[in-house]
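Please read the structure below before turning to the comments.
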Amino acid sequence: MASGVSVERTALQSGIGVCKTCIHELADASRTLKRDYQSAGSGWKDQQYARLGGIIEECCSALEKPISELEGCQASLEKLLSVVSAYEEVNL
């Protein structure tokens, strides 16, 4: 282990919270785009609506793409928090 390295539990908890918030916001933005597009479709059923659907799908894919990476980051931070907590319990 590197000497002089310090990890605070509150910083890890903050990082986990940020990951959760980002995941929620990205997923919510994607759901909202899809829902609004479908709602608009009740009056539109032409070629432009279909073209817009393709753009909406691309946007939703782009919004959802980083979610799995953020989930991985969150899991790593949670594991590190667990290790730090265990260390603190032993060394207090």
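Annotations for the structure displayed:
- Extension reserve of the Glu69-Gln47 stretch, reckoned as 0.36 nm per residue once the Cα distance is removed: 4.4 nm
- Straight-line cross-link partners of Lys45 among the lysines, defined as a Cα under 26 Å from its Cα and at least 8 positions apart when in the same chain: Lys34.
- The chain: relative contact order as a whole-number percent, Cα under 8 Å and 6+ apart: 50 percent
- Helix 47-90 axis, angle to the chain major axis (alpha carbon atoms, nearest 10°): 10 degrees
- Under 15 Å, Cβ to Cβ, from Val7 - net charge with Lys/Arg +1 and Asp/Glu -1: -2
- For segment 13-49 versus segment 50-70, the inter-centroid distance based on Cα atoms is 9 Å.
- Summing Lys and Arg as +1 and Asp and Glu as -1 over all other residues whose Cβ lies under 15 Å from the Cβ of Gln38 gives a net charge of +2.
- Of all the options Gly72, Gly17, Gly41, the one that moves most in a Gaussian network model of the chain with Cα springs shorter than 10 angstrom is Gly41.
- With the convex hull of its Cα atoms as the shape, the chain has an orientation-averaged projected area of 7.6 nm².
- Spin-label proximity, Ser39 to segment 10-33 - amide N less than 14 Å from point 7 Å beyond Cα toward beta carbon: 29-33
- Of the GluC sites (Glu not before Pro) in the chain, the ones in a loop by DSSP (not H, G, I, E or B) with at most 12 other beta carbons within 10 Å are Glu8.
- For segment 26-31, putting each phi into the Karplus relation 6.51 cos²θ - 1.76 cosθ + 1.60 with θ = phi - 60° gives couplings of 5, 5, 5, 4, 5, 4 Hz, in residue order, rounded to whole numbers and with x for Gly and Pro.
- Bridgeable aspartates and glutamates around Lys20 (alpha carbons under 18 Å apart, same-chain partners fewer than 8 residues away excluded): Asp28, Glu64, Glu69, Glu71, Glu78.
- In segment 1-85, the portion of solvent-accessible area held by carbon and sulfur atoms comes to 57 percent [1.4 Å probe, whole percent, DNA, RNA and ligands not counted].
The values are calculated or read from the model by the stated rules, or taken from the named source; none is laboratory data. Since this is a predicted model, take the numbers as computed values, not measurements. We place every Cβ from the backbone using ideal geometry, glycine too, and count neighbours over all the protein chains shown. SASA here: full protein model, heavy atoms, side chains in, ligands and nucleic acids out. Shrake-Rupley method; radii C 1.70, N 1.55, O 1.52, S 1.80 Å.
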